[in-house]
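Heads up, the thing below is written out as structure tokens.
Quick note: the coordinates plus some simple rules give every number you see, no bench work behind them. Computed from a predicted structure; not experimentally measured. Every residue, glycine as well, gets a Cβ built from its backbone with ideal geometry; the counts of neighbours run over all protein chains shown.
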Amino acid sequence: MDEVLVKCERLDDFGRGIGYVSGKIIFVPNLLPFEEAMVKIILNKKKYMVGEVTLLLKKSSDRIEPKCSLENCGCGLKCLKYSKALEFKKNKVIGILKRYAGIEGVVKEIIPSDDVYFYRNKITLKVKDGKLGYFKNGSNELIEIDRCEIASIKSNEIISILKGINLRGALEITIKDFGEIMIIIKGNMDISKLEGHAASIYMDDKLVYGKENIIAKLGDLKFYVSREAFFQVNLGVALKLYNKVLEYLDNSLGKSVLDLYCGTGTISLFLSKYFSEVTGAEINEEAVKCAFLNKQLNNISNVRFICGDVSQIIHSLKFQADNIVVDPPRSGLTKEGILDILKIAPSRLVYVSCDPMTLARDLKLLKDEYVIKEVTLFDMFPCTYHVESAVLLVRK
Ligand SMILES: C[S@@+](CC[C@H](N)C(=O)[O-])C[C@H]1O[C@@H](n2cnc3c(N)ncnc32)[C@H](O)[C@@H]1O
């Protein structure tokens, strides 16, 4: 049974088509609801199968010709109309919140990205046997690329230059484009053809060309972007997200904010002019160093930053805050962290999340003491199944 006929019934949370073969579920990337296709089975487990479309027999009216024909590179949903991709993401979060947290009727809208292509300000490419590309999902098989349709235009120019260089000594190349370009190389290579095209080049953690940090502009603020510290990958959507965070908080006179998992201080500094006092907490030393520099760069005085593990910081320091913003990594909050937030008992809590599953798990623990008022979604990552959420929680 190498090839089977599959009728797609719906999409799973990863944007893969779902069908059934003799009653067994099969997941097929690039197959849309109501489409039919001949599918090659590439994984056959006891309870499920995974397949690849070999021949599309019935096409959905929601299908579009993707700009890029790469498959399994990390992108997905490229063949789905943008309006339908947004609908998929909204329904996915609605479903996850209902299934895993028993929360319904709170997802308000999904804010689109102005740019569906060329939006990413950071990409990490792999190098294998001198060839440049992405690793196929879940493997270290290289998919060679000439360009990447979601990376910024300038990053694509750097890709073209890299294609003309002998990359045999390199393992991984990260390109950050915030107007100024930073290139971070793991391994070794000749960088002479890159000089002049980048403001900063690192090789094996050492600065080998240009300056230590580059600068990003977000609204009327400027931020240092460093080699290692986190920065939102889609600046246009990040600004819309930060404005929503502000709208969700209580900024009446004299109110304070605690910004947990603050990265390079972007949310803290963005909020500073609307609050009497903002405190940011972050574990990554390089990010906190940038946060201090960013505070100076923007002449802001009512913000302080603390470096350390959020769970320990909020447990050991006696914080009082009218508002708390949390923007944790995909793993979400810890149980202890949630208990400490409940002890601080801010009147408003805004939870920014890039993973609806861990968000649902954490909201389930918070919802006894907080009303989940509203969720706004942001399409931070077009052409993928990922979605960013901002949730307003108000103390009961
Ligand atoms: C999704 S980023 C958010 C950054 C920031 N809010 C922004 O918008 O740029 C999550 C941040 O949490 C930090 N982080 C991860 N685990 C942490 C922990 N246990 N304590 C403090 N910060 C942590 C990461 O270093 C990262 O900067």
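Quick notes on this structure:
- When DSSP beta bridges are restricted to pairs lying wholly in the chain, around 65% turn out antiparallel.
- Separation of the Asp115 and Ser276 label points, Cα + 7 Å toward Cβ, nm: 4.1
- Using the Karplus relation 6.51 cos²θ - 1.76 cosθ + 1.60 with θ = phi - 60°, the per-residue 3J(HN,Hα) values for the range 37-48 come to 8, 7, 10, 8, 7, 10, 8, 10, 9, 4, 9, 7 Hz, with x marking Gly and Pro.
- Per residue of the chain, the DSSP helices (runs of n ≥ 4 H) give a summed -39500 (n - 2.57) that works out to -7000 deg cm²/dmol at 222 nm.
- Built amide H within the under 5 Å cut-off of Lys222, gap 5+: none
- Here Lys47, Lys373 are placed in order of increasing Cβ neighbour count within 10 Å, fewest first, which gives Lys47, Lys373.
- If R0 is taken as 22 Å, the Cβ-Cβ distance between Asp205 and Lys163 corresponds to a FRET efficiency of 0.35.
- Each of Ala345 and Lys131 was given a label point 7 Å from its Cα along the Cα-to-Cβ line. The distance between the two points is 6.2 nm.
- Our note on the geometry: Cα centres of the range 1-53 and the range 332-396, 33 Å apart.
- Whole-Hz couplings from phi, Karplus 6.51/-1.76/1.60, listed for the range 12-21; x for Gly and Pro: 8, 5, 9, x, 8, x, 10, x, 10, 10
- Ordering Leu142, Leu77 by the number of other Cβ atoms within 10 Å of each residue's own Cβ, fewest first, gives Leu142, Leu77.
- Working from label points 7 Å from Cα in the Cα-to-Cβ sense, the Lys98 to Asn44 distance is 3.5 nm.
- For Gly280, the amide hydrogen comes within under 5 Å of the amide hydrogens of Asp259, Arg304, Phe305, Ile306, counting only partners 5 or more places away or on other chains and with H modelled in the peptide plane.
- Near Tyr202, the amide H atoms lying under 5 Å from its own belong to Ile183, Ile184, Ile185, Val208; only residues 5 or more places off or on other chains count, and H is placed 1.01 Å from N.
- Non-local lysine pairs in the range 3-63, meaning eight or more places apart or on different chains, with alpha-carbon distances under 25 Å, amount to 15.
- Cβ-placed point charges (K, R +1; D, E -1), dipole of the range 197-335 about Cα centre in debye, nearest 20: 220
- Here the dipole of the range 1-94 is about 280 debye; that uses its Cα centre as origin and unit charges on the Cβ of Lys and Arg (positive) and Asp and Glu (negative).
- Dipole magnitude for the chain: about 660 debye, using +1 per Lys or Arg Cβ and -1 per Asp or Glu Cβ, origin at the Cα centre.
- Percent of beta bridges antiparallel (DSSP, the range 122-216, rounded to nearest 5): 80
- Here the range 4-69 is treated as a sphere whose radius is the Kirkwood value from Cα pairs; by Stokes-Einstein at 4 °C and 1.567 mPa s it diffuses with a coefficient of 110 µm²/s.
- Selected from Phe230, Cys8, Leu246, residue furthest toward positive end of dipole (the chain; charges at beta carbon): Cys8
- In this calculation the C-beta distance from Asp13 to Ile215 is compared with R0 = 45 Å, giving a FRET efficiency of 0.75.
- Within-9-Å neighbourhood charge of Val278 [Cβ basis; K, R +1; D, E -1]: -1
- Residues in the range 139-156 carry Karplus couplings, in order, of 8, 10, 7, 7, 9, 6, 10, 9, 7, 9, 6, 9, 6, 4, 4, 5, 5, 5 Hz; the curve used is 6.51 cos²θ - 1.76 cosθ + 1.60 with θ = phi - 60°, and Gly or Pro positions show x.
- Rounded to 5, percent antiparallel among DSSP beta bridges of the range 3-63: 85
- Cα radius of gyration and Dmax for the chain (Å): 22.5, 69
- When each of Asp177, Asp129 is scored by the number of other beta-carbon atoms lying within 10 Å, the sequence from fewest to most is Asp129, Asp177.
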